[in-house]
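The values are calculated or read from the model by the stated rules, or taken from the named source; none is laboratory data. Quick caveat: nothing in here was measured; it's all calculated off a predicted structure. Every residue, glycine among them, receives a Cβ derived from its backbone with ideal geometry; neighbour counts consider all protein chains shown.
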Ligand SMILES: Cc1cc2nc3c(=O)[nH]c(=O)nc-3n(C[C@H](O)[C@H](O)[C@H](O)COP(=O)(O)OP(=O)(O)OC[C@H]3O[C@@H](n4cnc5c(N)ncnc54)[C@H](O)[C@@H]3O)c2cc1C
């Protein structure tokens, strides 16, 4: 028996009802654009490990370059990130890092001159940034282990070290580089123009996920920058904790969009494809898979809606962000695997999107703090015992 499809948008909780009419309208514009103009081209770009730079002017017109500082609600920002992830998780990684870790960091901790020079251009996507924290020998233990050095010499800083996995580092105009001041051992952040002699970035190839955003190994060799390159507000990791909480939580919204995309792809596929003379959608095991994907998506949306409420009230702490990020990406990984299975052999080729989503789920499960480390942050908060330091 067939009946009318309820919830064609797949949002059982009607999450957007919390938005103002104006934000709801703006979100609809974003959703329409990314579904019509980003989703399809992103598949080929993903296969070719190519960044879709040509989409940036339109994304700027939609206000996505300055989302972090545009005064909209945290829920709107989250749903906008989810909408982009629903079309292409790689582009949502570009926008998320750009907003949370570049625009947000300069806005919160930059000098008046740094804000004046860069925030306008970044907001219009006339300039791009890279966030350079992770190193080849220090990932999970970066806070204690960071080995890149900054040495003050007269009116300059001289930076030496290596970074790994840095998103956009091959094409960015500026890099926010975290380095340890050899004088006081504190970790500081420097805004560096990437055309400065001593900055070298080489793209990491053959990723299994997020293939539409270039990640790079970066070598910093006697990189000399003026004293004013240091972000005055970012004197230590502790200073930037609020911002790092927010960027970690943002990944949860990527997981919402990713699962939404899985649901879209699977619903269409199982309705169209027939086996044993009937659509796949008519088999109970397939419906169970759809219900599980929808359940995971709904749980992630509910979690993220509460997280944004805490953010909006200024109450977000690292344990909340870690719990959200770990749980949301665990569910996204499970949903992508269920979706892949429902597509049978066609789930194995990226032509049908779900394999792309499965690879992307692996990447978001690990960046912004691995699943394991975020779990240990929650475990520490709930037991009072640290299992990792
Ligand atoms: C696609 C992608 C994009 C990225 N973009 C950026 C970027 O733009 N800028 C940037 O600075 N970084 C970026 N990263 C780096 C990312 O944040 C790190 O990969 C992540 O923090 C994990 O570090 P690692 O890869 O060195 O793993 P490791 O720290 O080597 O960990 C390996 C495994 O061991 C586990 N582990 C480690 N320590 C413990 C412990 N004490 N107890 C139990 N388990 C443990 C981890 O959970 C993980 O499963 C990116 C990474 C990826 C994959």
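Worth a mention:
- Among residues of region 158-196, those that are away from the ligand (no atom under 16 Å from the Cβ) and on the phi > 0 side of the Ramachandran plot, counted: 1
- The residue list 267, 224 contains one member that is at pLDDT 95 or above, outside the structural domain of residue 74 (by TED's automatic domain parsing) and in contact with a helix residue (DSSP H, G or I) (Cβ under 8 Å, 6 or more places away or on another chain), which is 267.
- Condition check for residue 262: buried (at least 21 other Cβ atoms within 10 Å of the Cβ) and under 17 Å from residue 9 (Cβ atoms): yes
- Criterion (out of contact with any strand residue (DSSP E or B) (no Cβ under 7 Å at 6 or more places or on another chain), more than 30 Å from residue 193 (Cα to Cα) and crowded, with 17+ Cβ neighbours inside 10 Å) met by exactly one of 45, 55, 82: 82
- For region 158-176, the set of residues classified as under 13 Å from residue 106 (Cα atoms) and touching a helix residue (DSSP H, G or I) at 6+ places or on another chain (Cβ under 9 Å) consists of 174, 176, listed by residue number.
- Note on region 111-157: among residues that are assigned to a strand (DSSP E or B) and closer than 22 Å to residue 93 by Cα, the one that is farthest from the ligand (Cβ to nearest atom) is 129.
- Pairs linking a residue in region 30-58 that is over 16 Å from residue 212 (Cα atoms) to a residue that is loosely packed, with under 14 Cβ neighbours inside 10 Å and modelled with pLDDT of 95 or more, with Cβ atoms under 9 Å and 6 or more positions apart or on different chains, are 33/61.
- Only helices (runs of 4 or more DSSP H) whose full extent lies in region 270-389 are considered here, and the ones with at least 1 residues that are within 16 Å of the ligand (Cβ to nearest atom) and surrounded by fewer than 21 Cβ atoms within 10 Å (Cβ to Cβ) are 318-342, 354-366, 371-383.
- Residue ID - nearest to the chain's Cα centre (by Cα), chosen from residues in region 202-222 that are more than 20 Å from residue 46 (Cα to Cα) and buried (at least 23 other Cβ atoms within 10 Å of the Cβ): 218
- Entry remark, region 223-232: residues being crowded, with 19+ Cβ neighbours inside 10 Å and away from the ligand (no atom under 16 Å from the Cβ) number 4 in total.
- Residue among 93, 80 that alone is assigned to a helix (DSSP H, G or I), within 16 Å of the ligand (Cβ to nearest atom) and under 22 Å from residue 305 (Cα atoms): 93
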